Amino acid sequence: MKKVRKAVFPVAGLGTRFLPATKAIPKEMLTVVDRPVIQYVVDEAREAGIEHFIFVTGRNKTVIEDHFDMQFELYNTLEQRGKHEQLARLQRLQPGPGETSFTRQQVPMGLGHAVWCARDLVGDEPFALLLPDMIMQAETSCMKEMTELYQQSGGNVIGVQECDPAESHKYGIVGKGAEKGTGFAITGMVEKPAQGTAPSNLFINGRYILQPQIFDILAKQEKGAGGEIQLTDAMLALQAQQDFFGYHFRGNTYDCGSPEGFVEANVAFALSRPDIHDKVADTIRKLANEVVPMERRKEPR
Ligand code: G1P
């Protein structure tokens with residue numbers, strides 16, 4: 001069985017839910033405590049043994065490429081000032097030469113289309129796919145657990161979690177079959193099912209290990225939910241030829257695609273840091289009692 005060496009990160013989205021913050025800054029570069037959102041998913045992929053990082057970008061996203069490049073002047077300055085801890089951290093997070101690739105989606109035609117844009121960079125091998133909107137907190141990362149399941153099961157592996165049935169129309173939902181090792185057989189999938197029609201309450205959480213045959217299907221995939229080329233539809237077609245397994249992730253997931261999820265992520269990651277936990281917890285308790293919602297948002301004219 002081929003090892004999962006490459007990961008794809010679709011980062012072409014416009015981030016309209018974060019305007020005006022995302023007018024000039026990609027939403028993936030907004031920070032959760034002190035790391036940009038995209039860094040969390042890249043770190044998760046690295047922890048799972050990924051060796052090559054493929055970004056599907058769009059216009060106004062070049063700063064993502066800069067972020068993962070070497071910054072000689074900065075590194076030298078930190079060295080000269082004796083800031084060895086900061087320097088060591090940056091170097092630890094730094095992808096090595098030739099470990100990153102970038103391509104552009106050009107037109108926003110949906111997640112399936114974004115993934116298809118990475119076909120030549122991935123080539124003929126299984127690959128991980130991580131949606132940067134979703135960042136996670138767990139003892140062992142979701143992708144690492146999925147890679148371990150994949151080594152036993154082969155096929156394709158999708159990360160899933162439970163959702164409130166009233167929210168299932170916002171996600172891809174899978175049907176659950178027999179248990180298999182740490183996972184289960186997936187019996188079906190549907191993207192953004194109409195209220196009351198979801199096959200389960202297990203939603204696709206933005207982590208996938210896929211076989212390269214998905215690209216042949218994506219090349220011919222018709223538009224689906226929301227008028228976009230949907231990855232879930234292509235996976236359903238591939239399921240006629242290959243096994244799909246679900247990995248039920250039990251850690252916490254924060255949807256940084258929405259302002260409230262992004263704030264939640266900031267609070268949770270700040271609270272998880274031993275150096276600032278107490279101060280942040282006190283501040284949150286204090287503010288929750290003191291600050292009341294404003295009747296109308298007041299912005300300077
Ligand atoms: C995408 C996928 C969906 C998945 C979701 C997780 O939807 O199409 O299957 O559940 O990500 O965030 P999107 O959030 O792009 O609408």
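The values are calculated or read from the model by the stated rules, or taken from the named source; none is laboratory data. Remember, it's a predicted structure, so these values are computed and weren't measured experimentally. So basically every Cβ, Gly included, is an ideal-geometry build from the backbone, and we count neighbours across all protein chains shown. For the accessible areas, the whole protein counts, side chains as well, though only heavy atoms, and no ligand, DNA or RNA atoms are used. Shrake-Rupley method; radii C 1.70, N 1.55, O 1.52, S 1.80 Å.
To keep it simple, each residue is scored yes or no on (1) of a type in the set (D, E, K, R); (2) free of Cβ contacts under 8 Å to residues at least 40 places away in the same chain; (3) open to solvent by 80 Å² or more (accessible area, probe 1.4 Å).
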position: E28; (1), (2), (3): yes, no, no
position: D34; (1), (2), (3): yes, yes, no
position: A48; (1), (2), (3): no, no, no
position: E51; (1), (2), (3): yes, no, yes
position: F72; (1), (2), (3): no, yes, yes
position: T77; (1), (2), (3): no, yes, no
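Within 17 Å of I173 (Cα to Cα), within 14 Å of the ligand (Cβ to nearest atom), touching a residue at least 24 places away in the same chain (Cβ under 8 Å) and in contact with a Lys or Arg (Cβ under 6 Å, 6 or more places away or on another chain): does that describe A234?
Against the criterion (within 17 Å of I173 (Cα to Cα), within 14 Å of the ligand (Cβ to nearest atom), touching a residue at least 24 places away in the same chain (Cβ under 8 Å) and in contact with a Lys or Arg (Cβ under 6 Å, 6 or more places away or on another chain)), A234 does not qualify.
Residue under question is S168, and the condition is that it be open to solvent by less than 20 Å² (accessible area, probe 1.4 Å), free of Cβ contacts under 8 Å to residues at least 40 places away in the same chain and within 15 Å of the ligand (Cβ to nearest atom); does it hold?
For S168, the condition - open to solvent by less than 20 Å² (accessible area, probe 1.4 Å), free of Cβ contacts under 8 Å to residues at least 40 places away in the same chain and within 15 Å of the ligand (Cβ to nearest atom) - is met.
Is at least one residue of the stretch 213-230 among the basic types (K, R), out of contact with any Lys or Arg (no Cβ under 9 Å at 6 or more places or on another chain) and within 12 Å of the ligand (Cβ to nearest atom)?
no
Scan the stretch 173-183 and tell me whether some residue there is surrounded by fewer than 23 Cβ atoms within 10 Å (Cβ to Cβ), within 16 Å of the ligand (Cβ to nearest atom) and closer than 20 Å to L236 by Cα.
yes
Filter the stretch 32-77 down to residues that are within 14 Å of V8 (Cβ to Cβ) and of a type in the set (D, E) and give me whichever is nearest to the chain's Cα centre (by Cα).
Applying the filter and picking the extreme gives E44.
I'd like the residue in the stretch 184-199 that is part of a loop (DSSP other than H, G, I, E, B) and over 22 Å from the mean Cα position of the chain (by Cα) and, out of all such residues, is farthest from the ligand (Cβ to nearest atom).
My answer is G196.
Which of the residues belonging to the stretch 107-165 are assigned to a helix (DSSP H, G or I), out of contact with any helix residue (DSSP H, G or I) (no Cβ under 8 Å at 6 or more places or on another chain) and away from the ligand (no atom under 11 Å from the Cβ)?
D120, L121, E145, M146, T147, E148, L149, Y150, Q151, Q152, S153, P165
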